[in-house]
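Structure, as structure tokens:
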Amino acid sequence: MMNGKEVVDTDLTYILKAAYEELKALSGKKVLLTGGAGFLGYYLVQAIIKWNVEETNDETKLIDLVVYDNFIRGVPGWLEALESKKLLVVRKHDVNNPLPNDIGDVSFIIHAASIASPIYYRKNPIETMDANVNGLRFLLEYLKKRSAKNQFVGGLLYFSTSEIYGDPDSKNIPTPEHYRGNVSCTGPRACYDESKRYGETLCVNFAQQYDLPIKIVRPFNNYGPGLKITDGRALPDFCRNVLLGEDIVMLSDGSPTRTFCYVADAIVGYLKVLVKGLSGEPYNVGMDSPEISIKQLAEMVIRISSHRFGYKGKLVFKTSTDKEYLTDNPNRRAPLIEKARQELGYYPTINIEEGLKRSLIWYADNSKGADG
């Protein structure tokens, strides 16, 4: 049976194979990744490092990676272990501040600096909005200046969210990119949802007015290695219950439905959007099936854990002490990904059964994580 390290190695090999052409397009260029110490940075950073290790015989194929993060939870151990790697620079920087003067010649930018867990963005609404708007603006202005000087601009990838769709009606499930959304601008989730929507508007207008290659991705329920067990979202909570030998606690009736996309498949999609996506265009990245309820997800975790870890717990239902815990929580969320399939060749393949197995194995070896 695999351990956590073997899960990561398997996933990174998969990413490099599925996104070979996209990583090749980054070869010989400098890439800036903001929020690189977070969930998505976990595999983005390690995939690029693995690419550099495997391509070390050809210097022209190496990718120069710069990671910015405010390290609000400290520098994670996995990133500290990589800091000595060639062509990797890790720097403490808050994206709400102007970019450092010595940023250098960055050709590609991946803007992943954001608080994405509902529990934590509701605790930090202003910081959440600032990162999604002000931080983005600094990056867009940087690319604008490079373009004005006729310096190479490969592209900027803006991480938006499936939350911008709000709670779609059944006619818009699965949800296409042209759906305009059903979103509250004043509710408890609005700091995240609306700042991401405005961020998209900034991207589209900079792309159009200054002819910049700016791409937008809307992730749908990513999960897997790199997502802290203390993140506060459903799956990490379930896994923490399992590893502590506790019953799985559900703070709703479990009826809302989602599709879930394993992180290795998601990373492939993000690289494809960065390199091949059309400027000013949004792309859904996720898994289009199966759409399952949160209750079904918990039951799958219990079944898999009983086989893998001898877990004896059960599913119990409780009510959250937070009166707004379920306010504006979408009833259904499932993406239409035909646009990414047809334009980018995006075909996610890791099913939820396999993804949950890998996630549980990884969490077993990575069961500690600082609260946000």
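The values are calculated or read from the model by the stated rules, or taken from the named source; none is laboratory data. Values in this document were obtained by computation on a predicted structure and should not be read as measured data. Neighbour counts run over all protein chains shown; Cβ positions are idealised from the backbone, glycine included. To get the accessible areas, we keep the full protein, side chains included, count just its heavy atoms, and leave off ligands, DNA and RNA. Shrake-Rupley method; radii C 1.70, N 1.55, O 1.52, S 1.80 Å.
What the table shows:
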read-out: Exclusive hit being within 16 Å of the chain's Cα centre (by Cα) and open to solvent by 10 Å² or more (accessible area, probe 1.4 Å), set P213, P219, P188, P225; value: P219
read-out: The one condition in (1) open to solvent by 20 Å² or more (accessible area, probe 1.4 Å); (2) assigned to a loop (DSSP other than H, G, I, E, B); (3) on the phi < 0 side of the Ramachandran plot that W78 fails to fulfil; value: (2)
read-out: Single residue of region 329-342 satisfying the filter (in contact with a Gly (Cβ under 9 Å, 6 or more places away or on another chain) and within 16 Å of H178 (Cβ to Cβ)) that is surrounded by the fewest Cβ atoms within 10 Å (Cβ to Cβ); value: A334
read-out: Only listed residue being among the aliphatic types (A, V, I, L, M), more than 17 Å from G286 (Cβ to Cβ) and not in a loop (DSSP other than H, G, I, E, B), chosen from L212, L235, L136; value: L136
read-out: Residue count for region 106-118, restricted to those that are of a type outside the set (V, I, T), modelled with pLDDT of 95 or more and part of a loop (DSSP other than H, G, I, E, B); value: 2
read-out: Residue count for region 13-38, restricted to those that are in contact (Cβ under 8 Å) with a residue 60 or more places away in the chain, assigned to a helix (DSSP H, G or I) and either among the β-branched types (V, I, T) or buried (at least 17 other Cβ atoms within 10 Å of the Cβ) (or both); value: 7
read-out: From the options D231, D169, D247, residue that is in contact with a Gly (Cβ under 8 Å, 6 or more places away or on another chain), among the charged types (D, E, K, R) and at pLDDT below 95; value: D231
read-out: Residue, surrounded by the most Cβ atoms within 10 Å (Cβ to Cβ), within region 139-156, restricted to residues that are in a loop (DSSP other than H, G, I, E, B) and polar (S, T, N, Q); value: Q151
read-out: Subset of region 130-178 [of a type in the set (D, E, K, R) and touching a strand residue (DSSP E or B) at 6+ places or on another chain (Cβ under 6 Å)]; value: D167, E177
read-out: Any chance N205 is of a type outside the set (S, T, Y) and free of Cβ contacts under 8 Å to residues at least 24 places away in the same chain; value: yes
read-out: Checking Y68 against (1) open to solvent by 80 Å² or more (accessible area, probe 1.4 Å); (2) under 20 Å from the mean Cα position of the chain (by Cα), the condition it does not meet; value: (1)
read-out: Odd one out for K323 among (1) at pLDDT 95 or above; (2) out of contact with any helix residue (DSSP H, G or I) (no Cβ under 6 Å at 6 or more places or on another chain); (3) open to solvent by 30 Å² or more (accessible area, probe 1.4 Å); value: (1)
read-out: Single condition E55 does not satisfy, out of (1) touching a residue at least 40 places away in the same chain (Cβ under 8 Å); (2) under 23 Å from V275 (Cβ atoms); (3) of a type outside the set (S, T, N, Q); value: (1)
read-out: Number of the exception - S279 against (1) within 23 Å of the chain's Cα centre (by Cα); (2) modelled with pLDDT under 95; (3) open to solvent by 10 Å² or more (accessible area, probe 1.4 Å); value: (2)
read-out: Where E354 falls short, out of the listed (1) farther than 20 Å from P225 by Cα; (2) exposed (fewer than 13 other Cβ atoms within 10 Å of the Cβ); value: (1)
read-out: Qualifying residue in region 165-180 (condition: within 30 Å of G28 (Cβ to Cβ) and not in a loop (DSSP other than H, G, I, E, B)); value: no
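Here's the yes/no breakdown for (1) farther than 14 Å from P219 by Cβ; (2) more than 26 Å from the chain's Cα centre (by Cα); (3) surrounded by 17 or more Cβ atoms within 10 Å (Cβ to Cβ):
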{"site": "L251", "(1), (2), (3)": "yes, no, no"}
{"site": "A266", "(1), (2), (3)": "no, no, yes"}
{"site": "L274", "(1), (2), (3)": "no, no, yes"}
{"site": "V285", "(1), (2), (3)": "no, no, yes"}
{"site": "I304", "(1), (2), (3)": "yes, no, yes"}
{"site": "R308", "(1), (2), (3)": "yes, yes, no"}
{"site": "G313", "(1), (2), (3)": "yes, yes, yes"}
{"site": "V316", "(1), (2), (3)": "yes, yes, no"}
{"site": "T327", "(1), (2), (3)": "yes, no, no"}
